[in-house]
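What follows is a set of notes on a single structure, which appears directly below.
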Amino acid sequence: MTPDDLQSRILHRDGLMLVIDKPAGLPVHAGPGGGPNLEALFDGLRFGLPAPPALAHRLDRDTSGCLVLGRHRKALAKLGRLFQEGRVGKTYWAVLVGEPPEERGTIDRPLKKVSRKGGGWRMTVADDGQPSVTDYELLGRADGLSWVAFHPRTGRTHQIRVHAAHLGCPLLGDPQYAGDKARPGASLHLHSRGIVLPLYPKRDPIAVTAPVPAHMLGALTACGFTGDT
């Protein structure tokens, strides 16, 4: 990806923030081994300001969609408070293997990071974990798959992925939590579809929607999605 490519993925821009359509498969920041990442391209998003924008939150490497950047220090502080106070409305679309037990519901299960033998880590449901709450709504189904909208109230690492697996219907393409329902070769089907931020006290909240990524379009269409509206 080039700086021009990233500019073409801007969904919203104002004096305080940018919202970009993050592509799946590209990490937001460099890991221990370096490599391509979104932050390396932020200098091309200054638009006249003295410093590049910075991340107001995170999306996993293989998650696509709405990603919020603060354009300067005060903006980042304001955005950080909104996220910390749970005032940001978040909608994720996912394709699951199987379907939830009910058409709509709430998953209220604490999550904890645990180390794995041989190195690495994973998140797991644990009574001594951090409070984690996700609302969900079934939007469509077909051929053993389901299209679900998730609305996380908290922002734990891998929250939607672990909560979906806890329901018995892991995300399609999830290499870590799908267990015996894994479908080798599939990309992770998780997309930050929309975000709503009450950023300006005297204005309506800013609502931003990200288009469906190409790798999810086939499964979503099979489940009843008829196109971006």
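The values are calculated or read from the model by the stated rules, or taken from the named source; none is laboratory data. Just so you know, these numbers come straight off a predicted model, no measurement behind them. A quick note on method: Cβ atoms are made from the backbone with ideal geometry, for glycine too, and the neighbour counts reach across all protein chains shown. Areas reflect the complete protein model, heavy atoms only, side chains present, ligands, DNA and RNA absent. Shrake-Rupley method; radii C 1.70, N 1.55, O 1.52, S 1.80 Å.
Yes or no, residue by residue, for (1) in contact with a Gly (Cβ under 6 Å, 6 or more places away or on another chain); (2) under 24 Å from Leu172 (Cα atoms):
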residue: Leu6; (1), (2): no, no
residue: Leu11; (1), (2): no, no
residue: Met17; (1), (2): yes, no
residue: Val28; (1), (2): no, yes
residue: Pro32; (1), (2): no, no
residue: Leu38; (1), (2): no, no
residue: Asp60; (1), (2): no, yes
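Yes or no, residue by residue, for (1) among the hydroxyl-bearing types (Ser, Thr, Tyr); (2) open to solvent by 30 Å² or more (accessible area, probe 1.4 Å); (3) assigned to a helix (DSSP H, G or I):
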| position | (1), (2), (3) |
| --- | --- |
| Leu6 | no, no, yes |
| Leu11 | no, yes, no |
| Gly15 | no, yes, no |
| Leu18 | no, no, no |
| Asp21 | no, no, no |
| Pro27 | no, no, no |
| Asn37 | no, no, no |
| Asp43 | no, yes, yes |
| Gly48 | no, yes, no |
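Evaluating Val196 against the criteria (1) farther than 18 Å from Asp60 by Cα; (2) open to solvent by 20 Å² or more (accessible area, probe 1.4 Å); (3) assigned to a loop (DSSP other than H, G, I, E, B) leaves one unmet condition, (3). The set of residues from the stretch 81-104 being open to solvent by less than 20 Å² (accessible area, probe 1.4 Å) and farther than 18 Å from Leu217 by Cα comprises Leu82, Val88, Pro100. Taking the stretch 159-192 as the range and being assigned to a loop (DSSP other than H, G, I, E, B) and either open to solvent by 30 Å² or more (accessible area, probe 1.4 Å) or of a type in the set (Gly, Ala, Ser) (or both) as the test, the residues that pass are Leu167, Gly168, Gly173, Pro175, Gln176, Ala178, Ala182, Arg183, Pro184, Gly185, Ala186, Ser187.
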